[in-house]
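One structure below.
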Protein chains: 2
Amino acid sequence: MLSNACKYAIRSILYLSLYSDKTKKIGVKKIADELETPQPFLAKLLQQLTKSKLVTSTKGPNGGFYLSEANQKNSIWDIVENIDGPNKFNQCFLGLSKCEDENPCPVHYIAAPFKNKILANFRDKTISQFSSEIIDTDKVLSLKDYDALKQE
Amino acid sequence: MLSNACKYAIRSILYLSLYSDKTKKIGVKKIADELETPQPFLAKLLQQLTKSKLVTSTKGPNGGFYLSEANQKNSIWDIVENIDGPNKFNQCFLGLSKCEDENPCPVHYIAAPFKNKILANFRDKTISQFSSEIIDTDKVLSLKDYDALKQE
DNA sequence: ACTAAAAAAGATATTTTTATCTTGATTTAT
DNA sequence: ATAAATCAAGATAAAAATATCTTTTTTAGT
């Protein structure tokens with residue numbers, strides 16, 4: 001559904017939301033390590049996310065990535081839009097370009113509600129709301145160490 | 001979500017379900033034309049679907065593809081499984097290998113019901129049930145001629 | 001038998017996505 | 001100032017998905 005790039009991006013941003021701030025920056029190596037994602041690929045990705053103002057970075061010793069207050073106010077949808085493009089959740093399941101409620105493909109009414117619900121969820125909650133919820137409900141972010149939150 | 005190959009496969013099979021039978025076979029050229037899919041690619045795909053017993057073919061003049069009675073009893077899910085693999089609808093939305101109800105990723109409860117519903121819908125209805133429904137409710141298979149059904 | 005129509009099979013090409021590598025620029029701390 | 005750490009930028013590589021091309025096999029009709 002989402003590209004790998006997009007999945008990595010979401011996970012990285014949620015990770016940064018939980019563990020970083022302007023006084024505690026985190027380097028690519030650490031992030032890639034924690035999330036078990038390919039490091040150079042993630043580096044490129046974070047570069048792009050920085051350019052798009054979805055994350056913030058500083059160079060030099062003690063530099064790294066973090067989420068600014070402004071970054072925290074973005075939504076998951078902003079990430080998806082940035083990486084996978086704005087049409088990720090409004091495309092026809094069977095690839096037809098003119099599939100709508102009035103002219104539905106055979107699976108339109110199966111898929112459409114799903115897509116709408118996900119879109120709404122992703123659009124209406126901020127990253128910081130997501131991360132509060134992650135903390136409150138013990139959700140999983142990492143592969144390597146998937147109860148990382150419990151030992152914080 | 002689904003690969004192009006899989007979308008083409010589903011559309012082709014629904015098309016064959018509607019318009020073909022053992023006495024009325026349809027060639028690749030016609031199918032590709034009607035569905036506006038790349039013809040040589042579709043040829044390969046139909047080859048594979050034939051090998052997998054999801055469609056039936058005969059060679060020679062007046063040969064072509066059709067759905068046998070047995071083929072009509074398959075489900076959309078059988079197609080997805082064959083082309084995109086059996087894990088298409090039970091993978092974590094964020095790509096985690098250990099995301100489940102007991103250990104959910106941050107978007108698990110947003111995505112999981114959706115995936116389950118689609119899976120159920122695709123698994124529990126036969127191709128022929130789908131095509132009856134297409135006829136009853138005027139659904140769309142092709143772009144080229146997207147009220148094709150109405151003029152039958 | 002011969003011809004033409006059609007799918008099957010196998011080889012090749014293109015594009016996109018994923019991933020890596022190398023070099024350059026910036027910044028902190030000494 | 002210099003060195004080391006860290007991101008930025010650009011080039012390259014590998015893999016997967018998509019698409020095409022060519023040849024072979026089968027079969028119906030003549």
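Scanning segment A:73-102 for residues that are surrounded by 16 or more Cβ atoms within 10 Å (Cβ to Cβ) and more than 26 Å from the chain's Cα centre (by Cα) returns A:L96, A:C99. Please enumerate the residues belonging to segment B:81-104 that are within 26 Å of B:K51 (Cβ to Cβ), within 11 Å of chain A (Cβ to nearest Cβ) and not aromatic (F, W, Y). Residues satisfying the conditions are B:K88, B:Q91. Checked against the criterion of being among the hydrophobic types (A, V, I, L, M, F, W, C) and within 13 Å of DNA strand C (Cβ to nearest atom), the candidates A:I76, A:I83 yield just one match: A:I83.
Results for (1) hydroxyl-bearing (S, T, Y); (2) at pLDDT 95 or above, shown as yes or no for each residue.
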{"position": "B:S17", "(1), (2)": "yes, yes"}
{"position": "B:S20", "(1), (2)": "yes, yes"}
{"position": "B:L35", "(1), (2)": "no, yes"}
{"position": "B:A43", "(1), (2)": "no, yes"}
{"position": "B:T58", "(1), (2)": "yes, yes"}
{"position": "B:L67", "(1), (2)": "no, yes"}
{"position": "B:C92", "(1), (2)": "no, no"}
{"position": "B:K98", "(1), (2)": "no, no"}
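For segment B:28-43, a residue qualifies if it is within 13 Å of DNA strand D (Cβ to nearest atom) and either in contact (Cβ under 8 Å) with a residue 24 or more places away in the chain or under 15 Å from B:I79 (Cβ atoms) (or both), and the qualifying residues are B:V28, B:D33, B:L35, B:E36, B:T37, B:F41, B:L42. Residue count for segment B:47-68 under the criterion of being closer than 25 Å to B:L119 by Cβ, assigned to a helix (DSSP H, G or I) and either open to solvent by less than 50 Å² (accessible area, probe 1.4 Å) or acidic (D, E) (or both): the result is 1. Mind listing whichever residues of segment A:1-31 are away from chain B (no Cβ under 14 Å) and aliphatic (A, V, I, L, M)? Matches in segment A:1-31: A:I26, A:V28, A:I31.
The values are calculated or read from the model by the stated rules, or taken from the named source; none is laboratory data. Note that the structure is a prediction, hence the values are computed from the model and not measured. In this analysis, Cβ positions are derived from the backbone assuming ideal geometry, glycine residues included, and neighbour counts consider all displayed protein chains. Side chains included, ligands, DNA and RNA excluded: accessible areas come from the protein's heavy atoms. Shrake-Rupley method; radii C 1.70, N 1.55, O 1.52, S 1.80 Å.
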